[in-house]
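Every number here is computed from the coordinates shown, using simple stated rules; none is lab data. On a predicted model such as this, the values are computed, not experimentally measured, just so you know. Methodologically, a virtual Cβ is constructed for each residue, glycine included, from the backbone with ideal geometry; neighbour enumeration extends over all protein chains shown.
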Amino acid sequence: MSTAAAKQQDPNDSQPLWREAELRAADAMGRLMEFWGFRRHMGRLWTILYLSPEPMTTTELSETLQLSSSAVSLSLGELVHWGAVRKTWRPGERKDFYQAESSVWKLLRRVYERRELNLIREAIDAFGDAQRHLDETRSQLGREDRRRVDYMHKRLSRLSALSKAGERLVRLVVAGRMINPADLQSAEEED
């Protein structure tokens, strides 16, 4: 078969020849996004938009991914919230069009800032609260329980130090600066 013939689309096939590659990439990103704690459809939709040279409508996205319009709308709303997708318009059109944020680095920074840093701060606060609770109850305990509380307090200090090191590392990532893995190791003290 000639190269020209291979590039032509089968007239009986309603899908463009490049659709399979697009869907494979979308499925791969969907799995990756799901691993990161997002819904799989969000990754799939973002990828279709990212690979599209033109903004797309919810109808086009629904047809491409064989998803219900409600699933597409829900996922697009979340993607807009995260700044991964933006709503756009075309003069003379009444439909909403969507376009992917093309800077993957911006997306990663946004997720790190909004999600990971908040989770780390919550953990640091929880470890501090647990330590304060142990401090408040220690004097009311017997000798064996005080030994256990002291051990727990020391371990909570290590978790807190590790979380603070993690926070510093995430801040460095967000700032686009170099990371030194030794920062994490130094937070892990020997018993």
Report task. For the chain, build the charge dipole from Cβ charges (+1 Lys, Arg; -1 Asp, Glu) around the Cα centre, then report which of Y112, T58, G92 sits farthest towards its positive end. Result -> Y112
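With a/c under 1.5 counting as rounded, go ahead and sort region 15-102 into rounded, prolate or oblate using the C-alpha gyration tensor (a ≥ b ≥ c being the square roots of the eigenvalues; past the cut-off, prolate if a/b is larger than b/c, else oblate). Don't skip to the answer; put the middle values down first.
On the way: a/c = 1.66, a/b = 1.21, b/c = 1.37.
Judged from the Cα gyration tensor, region 15-102 comes out oblate (a/c at least 1.5, b/c at or above a/b).
Any number yet on Rg/Rh for region 44-176, C-alpha, Kirkwood?
1.28
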**Report entry** Dipole magnitude (debye, nearest 20) for region 15-102, charges at Cβ of Lys, Arg, Asp, Glu
**Finding:** 120
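Which helices, taking whole DSSP H runs in the chain, have alpha carbons extending 27 angstrom or more along the helix axis plus mean Kyte-Doolittle at least -1.0? Mind dumping the intermediate values first?
Values: long enough: 117-138 (31 Å, -0.62); 143-175 (48 Å, -0.67).
Passing helices, by number: 117-138, 143-175.
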Query - Loop-located GluC sites (Glu not before Pro) in region 85-191 whose Cβ has at most 13 other Cβ within 10 Å (DSSP) - result: E93, E188, E189, E190
Report summary line: Log10 I(q)/I(0) at q = 0.16, 0.18, 0.23 Å⁻¹ for region 105-187, from Debye over equal alpha-carbon scatterers, is -0.68, -0.78, -1.02
Query raised in the report: What whole number of Å gives the distance from the Cα centroid of region 113-138 to the Cα centroid of region 59-94?
Result: 38
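Lysine pairs, Cα distance under 26 Å, 8 or more residues apart or cross-chain: how many in region 79-176?
Numbers: K87/K95; K87/K106; K106/K164; K154/K164.
The number of close lysine pairs in region 79-176 is 4.
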Query raised in the report: Within the chain, which is the longest segment containing none of the chymotrypsin sites (Phe, Trp or Tyr not before Pro) that sit in a DSSP loop and have at most 16 other Cβ atoms within 10 Å?
Result: 90-191
